[in-house]
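Structure record follows, encoded as structure tokens.
The values are calculated or read from the model by the stated rules, or taken from the named source; none is laboratory data. For clarity, every value in this text was computed on a predicted model and none was experimentally measured. Virtual Cβ from ideal backbone geometry, glycine too; neighbours counted across all protein chains shown. These area figures cover heavy atoms from the full protein model, side chains too; ligands, DNA and RNA do not enter into them. Shrake-Rupley method; radii C 1.70, N 1.55, O 1.52, S 1.80 Å.
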Amino acid sequence: MCTGGCARCLGGTLIPLALFGFLANILLFFPGGKVIDDNDHLSQEIWFFGGILGNGVLMIFPALVFLGLKNNDCCGCCGNQGCGKRFAMFTSTIFAVVGFLGAGYSFIISAVSINKGPKCLMANNTWGYPFHDGDYLNDEALWNKCQQPLNVVPWNLTLFSILLVVGGLQMILCAIQVVNGLLGTLCGDCQCCGCCGGDGPV
């Protein structure tokens, strides 16, 4: 597959992943599917907006750049084959790095939150984090330590797991585009073969 075609394929995959991440982060503000009375009772990691910023905003821009490669002129600037497609591929590499960092940001926040567990109302009638070092992951009986909000443990665990998987996939796709973009910068895009009377890729 040509480097430009590969980039467009990656961009088309990143957009739905970004939407999934964005939606998952929004749902975290409604623990157990209900509106909470005090925002201070939400887990701290939710306010880092990993899914909204990392999986969402910082991923939409690279995805649109990848998809927009189809609009770039293979012949470059005023017929100069030394720019155009190669420069576009180089630019996509920079955006891929930005996307990788955004996905990594969300990935780390999700991993920390899963290990830490949700903030909830405990038996001593105070709000806090009753779990330690992910102990609740292997012992579902410990979930009873959280009295309110109802079902906050599976709710947070599911949504942060989604963000973790989405972030991991986005990191892989952006890493692929970094390699693909560098190849396109150095070797050109096969779709440009014969463009403007050229005999080879640009």
- Query: All but one of (1) assigned to a helix (DSSP H, G or I); (2) surrounded by fewer than 19 Cβ atoms within 10 Å (Cβ to Cβ); (3) at pLDDT 85 or above hold for residue 170; which doesn't?
  - Reply: (2)
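Taking the condition of being at negative phi and either open to solvent by less than 40 Å² (accessible area, probe 1.4 Å) or among the β-branched types (Val, Ile, Thr) (or both), how many residues in the range 112-121 meet it?
From the range 112-121, those at negative phi are 112-116, 118-121; that's our starting set.
Then keep just the ones that are either open to solvent by less than 40 Å² (accessible area, probe 1.4 Å) or among the β-branched types (Val, Ile, Thr) (or both); that gives 112-114, 118, 120-121.
Qualifying residue count for the region: 6.
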- Message: Looking for something buried (at least 24 other Cβ atoms within 10 Å of the Cβ) and among the aromatic types (Phe, Trp, Tyr) - is there at least one such residue anywhere in the range 125-144?
- Response: no
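Residue-by-condition table, conditions (1) under 18 Å from residue 169 (Cα atoms); (2) at pLDDT 95 or above; (3) in contact with a Phe, Trp or Tyr (Cβ under 8 Å, 6 or more places away or on another chain); (4) among the acidic types (Asp, Glu):
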{"site": "18", "(1), (2), (3), (4)": "yes, yes, no, no"}
{"site": "32", "(1), (2), (3), (4)": "no, no, yes, no"}
{"site": "38", "(1), (2), (3), (4)": "no, no, no, yes"}
{"site": "69", "(1), (2), (3), (4)": "no, no, no, no"}
- Which residue pairs have Cβ atoms closer than 9 Å, lie 6 or more positions apart in sequence or on different chains, and pair a first residue in the range 22-40 that is β-branched (Val, Ile, Thr) with a second residue that is crowded, with 18+ Cβ neighbours inside 10 Å? 26/51; 26/52; 36/42; 36/149
- Which one is nearest to residue 122 (Cα to Cα), of the residues in the range 9-42 that are open to solvent by less than 50 Å² (accessible area, probe 1.4 Å) and outside any helix (DSSP H, G or I)? 42
- What are the residues in the range 105-158 that are touching a residue at least 12 places away in the same chain (Cβ under 8 Å), within 11 Å of residue 31 (Cβ to Cβ) and part of a helix (DSSP H, G or I), if any? 152, 153, 155, 156
- Look at residue 96 and say whether it is open to solvent by less than 10 Å² (accessible area, probe 1.4 Å), out of contact with any Ser or Thr (no Cβ under 9 Å at 6 or more places or on another chain) and at pLDDT 95 or above. yes
- Task: Name every residue in the range 43-57 that is open to solvent by 10 Å² or more (accessible area, probe 1.4 Å), in contact with a Ser or Thr (Cβ under 8 Å, 6 or more places away or on another chain) and not in a helix (DSSP H, G or I), in order of residue number.
- Result: none
